[in-house]
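Pasting in a structure now, in structure tokens, and then I'll have a few things to ask.
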Amino acid sequence: MVKAQTTSQASSKKPKASRKGKEPLTRDRIAMTALDLIEKIGLEAFSTRRLGAALGCEAMALYNHYPSKDAVLDAVVERMMRKLTVPPHDPRGWPERARTFARSYRALSRMHPHAIPLAATRRFNTTQSLTFLDDVFRAFSEDGLSPKETLYVFRTVANFCNGTVLDELAGLARASTPEQPEWPSNKHPHLLAVAPFMSPTHADDVFEVGLSVILDGLVRQVGAWRMG
């Protein structure tokens, strides 16, 4: 009986020995690998099974660190948000802080074109991402915006950025498709006339014009609220 126990104990230790030298599975490593994998294979192809394979473990092992796939995706959003900074003080006031934030968010979409739809379509749910949002709101309040004004400014600018980012990504995806019908054709003369300005070379100008219009309108709206 003692010999049997010894043999059993020895066999139970073999998996540990075989895992020796492997990088430990941590929440941060899972999130980092998930982000890299999404950028490699795309969001639609992403799964916990494929994430486990990339990490060298069974998918079920992930649930020791995250309760669900949704929680992993929230962690991916949080990891992307780490690359954004709270807009620094600008003597020109909150509109320039909002402009800085918008530009940095769009730049993030260029770094992570496959994962950025997560940030555009998911609510912030993690402590770190909520802390980042709190810091952004603090920055606007430092420049004199009320809580209501802060929320309206942030959501208006964020909605513009998300719409722009998703539209630009759709355009890039279409441009990379090898087989597609000729577009536009002479059947759509007005679309044909506008088409040259829809190319990626005009994307920066289109973004800056739209952002300026949004911010100018917000400045007037905040002024109107304060006039009563």
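The values are calculated or read from the model by the stated rules, or taken from the named source; none is laboratory data. Keep in mind the model is a prediction, meaning the values are calculated, not measured. We place every Cβ from the backbone using ideal geometry, glycine too, and count neighbours over all the protein chains shown.
Which condition number does A173 fail, the rest of (1) assigned to a loop (DSSP other than H, G, I, E, B); (2) at pLDDT below 85 being met?
Every listed condition holds for A173 apart from (1).
Still on this structure: Taking helices (runs of 4 or more DSSP H) that fall entirely within the range 41-131, which contain at least 2 residues that are loosely packed, with under 15 Cβ neighbours inside 10 Å?
48-55, 94-111
Scan the range 20-39 residue by residue and report those that are more than 15 Å from R79 (Cβ to Cβ) and in contact (Cβ under 8 Å) with a residue 60 or more places away in the chain.
Passing the criteria: none in range.
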